[in-house]
Amino acid sequence: CSWKGGGCQLKVHYEDGFTLSELPISENEKPKIIWTYPYTQLRTSADDGIRLLWLDFGAEDGEKVLLQQYELDLHGCPKPLVFIIHTFLSAKISRLGLVA
């Protein structure tokens, strides 16, 4: 994907949440992490159905919630990734026993 005009990689992990990393220059180089958030901080997500994905993360700061908003260009349809995110969230809710 691309973020702020640069190439990057978005990883969505069932336990660890979201991690955006720079693309490594060589195979031996460890990618630099740009940001990382757990699922609990995801406030909203949206997409344009074509190539853009928006993720909003919030962090509690006393009585305020500080939002961080990111626009990612996935270079393709974001719907499969959105489906995976929703599936992971549904599984986490089910695992907690919060299904009605």
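The values are calculated or read from the model by the stated rules, or taken from the named source; none is laboratory data. Every value quoted in this text rests on a predicted model; they were computed, and no experiment measured them. We place every Cβ from the backbone using ideal geometry, glycine too, and count neighbours over all the protein chains shown. With ligands, DNA and RNA removed, areas are computed over all heavy atoms of the protein, side chains included. Shrake-Rupley method; radii C 1.70, N 1.55, O 1.52, S 1.80 Å.
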*Between residues in the stretch 39-58 that are over 13 Å from residue 86 (Cα atoms) and residues that are open to solvent by 30 Å² or more (accessible area, probe 1.4 Å) and not in a strand (DSSP E or B), which pairs lie under 6 Å by C-beta distance while being six or more apart or on different chains?*
51/74; 53/74; 57/41; 58/41
*Answer yes if at least one residue in the stretch 28-48 is farther than 14 Å from residue 10 by Cα, over 16 Å from the mean Cα position of the chain (by Cα) and of a type in the set (Val, Ile, Thr), and no otherwise.*
no
*asked:* Can you find, within the stretch 75-96, the residue that is surrounded by the fewest Cβ atoms within 10 Å (Cβ to Cβ) among those that are within 17 Å of residue 46 (Cβ to Cβ) and aliphatic (A, V, I, L, M)?
replied: 84
_Cβ-Cβ under 7 Å, sequence separation 6+ or interchain: first residue in the stretch 61-86 and at pLDDT below 95, partner open to solvent by 90 Å² or more (accessible area, probe 1.4 Å). Which pairs?_
67/43
